[in-house]
Every structure is written in C-alpha cells, then in structure tokens.
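Heads up, the thing below is written out as structure tokens.
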Amino acid sequence: MDLRAIAMGLAFALMWSSAFTSARIIVADASPLYSLSLRFLISGLLGVGIAWALGQSWRLTRAQWKATILFGICQNALYLGLNFVAMQTVEAGLASIIASTMPLLVALSTWLIFREKLGALGIAGLAAGFVGVTLIMGSRISAGVDLYGVALCGIGVMALAFATLALRGAMSGGNFLMVVGLQMLVGAATLFVVALAVETPRINPTWPLLFAFIYTTLVPGLAATLVWFLLVNRIGAIRAATFHFLNPVFGVAIAAVLLGERLGPRDILGVAIITLGILAVQLARQPGRTKVSPETK
C-alpha cells in the first residue's frame, strides 16, 4: 500500500466519521428525511455536473448501474436515512460505533455464507469486535438509551453490509464521480418519496444548522464517497476496508470535542476492543493471508 493510498484512507475515515456529528446537529433543527433528501439532491447535482465537465460519461457499465442503484437505495436511503432518524434520540458517538461494525458484519457473512477462510486472527477479531459492542450497549442500556433509535442504526448498518457484499467487484470501469453523483440522486428521490409519506416538514433556521448542512453535503456526502470509490479502485475493497478500524475512534472523538458527548470507562474500553477487532479482521482478510477470489478484490 503506497503513501497516497494511506493518505486517501485516513482522509476517508476522518470524513466518514465526522458525518455523525454533523448529522446530529442537523436533525436537532430540521426534519431528518427531508434534510437528507435535499443534501443528496445538492450533492448529486454537483457530482454529476463536475463529472460531466471533466468529460465523464453517463454510459456506465452494467455493473456500475447496479452499483449506482443498489448503493443509492441501501447506503443513502436505508443506511443514512435510518441513521438520521435515529440520531434525533441517539448520540452521534454511539451511532458511529454501531455503523463501524459494518466490516465485522461483512467478514462474518463472507465466512459463514461464502465460506471464505478467515483464520484464527480473523475469528479472534470478530469475537473481540462483538464483545466490544456488547460492552458498550450494556453500559448504554443501563443508562436508558433509546432502543428504538439503536434498532434503526442496526438495521441501517445491515443494509450497508448487504450492499457491500452484493457489489463485490462492481466498481471497475471509471466514471467514478458520475457514479457517485447518480447514486446520490437515487438516494434523494427515494428519501423524498418516503418523507412525503411519513414526515412533517420542520426547520428551525440557525447558524449551526446551516454550517452543518453545507459541511455534510460537501465533505462526508460528496468528497468522502468519491475518495472511497477511488481508494477501492486503487487498492481493492479488502485493503481499503482496513481503514474502517479508525472509524470508532474518530467518531467518538469528534462527537466528544464538538458536541461534548461524554464517554464512560466502559465506553472507552469497548471502543478500543472494537477498533482492535476490526483491525484484526481486516488484516486477516488481506490478500496473501487468505485465499481471495478475483471478484472480491
């Protein structure tokens, strides 16, 4: 892995982790689904417009269209939509911890369903990751966390894991920014229809809302997604996923600094265990340690 790939991975992890804090600020003053739909509409139009200006084509490969539609629904509409709704009552740090279990769910699924070898290190990492989650959830449940919001976060991360599994090997073919922009528009359309059916528009204009919305639209929304697709194309999905081990640490740190969310000793211990578990799982899945089929790279 070269220095450019490492820099891209660190940038992605930081941007992705910061989205939970900015989302928490947004949903305090605006309807979650309407605001997220608007965010995707703006991000999508910007992405498509810039891609068109750079000469990228609408003529995507069949695999890219599959990725565009499936990621637009599973990642943008389900995963992020459910997280936005949940963060009306769930703290940003906890939401980021739940979301960070995605690589653990993917590794568990590939081990149990696709029979990919994981090895002792990977199995130990899975066990450690879920022990860490149990430790944190036990602490939060005893403190009266909103279980409905936690359940929404859990369903969301399972939707993202499903999309990741379904799209193994589907990101080649170029036109990355066009793919990013189009999948944002798919998410915008899906969420707008759902918002019309279930949500009452609400907005309390504040400076934090404005700044958080602009930041979420441009940085986690557009830039992080583009960096992720470029990183996957550069080093492969398995190597790129290694950077997810930073997400629990970055997520809770940003929420603590910007939102003043407090972490107890059990939370800190749980985050450390999850982080090490994710790292162990991803290291175990690196090419050379396990036999990986070409379509998973």
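Just so you know, all these numbers are worked out from the coordinates, no wet-lab data involved. This structure is a prediction, so every number in the text was calculated from the model and none was measured. Note that we place each Cβ from the backbone using ideal geometry, even for glycine, and neighbour counts take in every protein chain shown.
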**Asked** If the chain between ALA124 and ILE69 were fully stretched, how many nm would it gain, using 0.36 nm times the residue separation less the Cα-Cα distance?
**Response** 16.3 nm
**Dimensionless Rg/Rh of segment 11-118 - Kirkwood Rh, Rg from C-alpha atoms** = 1.03
**Asked** How far apart, in nm, are two points set 7 Å out from the Cα along the Cα-to-Cβ line at ARG262 and at TRP52?
**Response** 5.2
**Asked** Between segment 1-65 and segment 197-226, how many Å separate their Cα centres?
**Response** 12
**Message:** Test of understanding: express the Cα radius of gyration of the chain as a ratio to 2.2 N^0.38 Å, with N the residue count.
**Reply:** 0.96
**Fill in**
Rounded to the nearest whole number, the Stokes-Einstein translational diffusion coefficient of segment 227-287 at 20 °C and 1.002 mPa s (Kirkwood radius, C-alpha pairs) in µm²/s is 168
**Prompt:** Does anything in segment 239-259 have its amide N under 20 Å from the 7 Å Cα→Cβ label point of ALA272, and if so which residues?
**Reply:** 245-257
**Prompt:** Can you give the helix-only mean residue ellipticity at 222 nm for the chain, where every DSSP H stretch with n ≥ 4 adds -39500 (n - 2.57) and the sum goes over all residues, rounded to the nearest 500 deg cm²/dmol?
**Reply:** -23500 deg cm²/dmol
**Request:** For segment 239-280 and segment 100-141, write down the distance between their C-alpha centroids in whole Å.
**Result:** 15
**Request:** Apply 1/(1 + (r/R0)^6) to the Cβ-Cβ distance of ILE155 and LEU196, taking R0 = 22 Å, and write down the FRET efficiency to the nearest 0.05.
**Result:** 0.55
**Request:** Determine, for each peptide in 94-103, 148-157, 216-225, the mean count of other beta carbons within 10 angstrom over its residues, then list the peptides with the highest first.
**Result:** 94-103, 216-225, 148-157
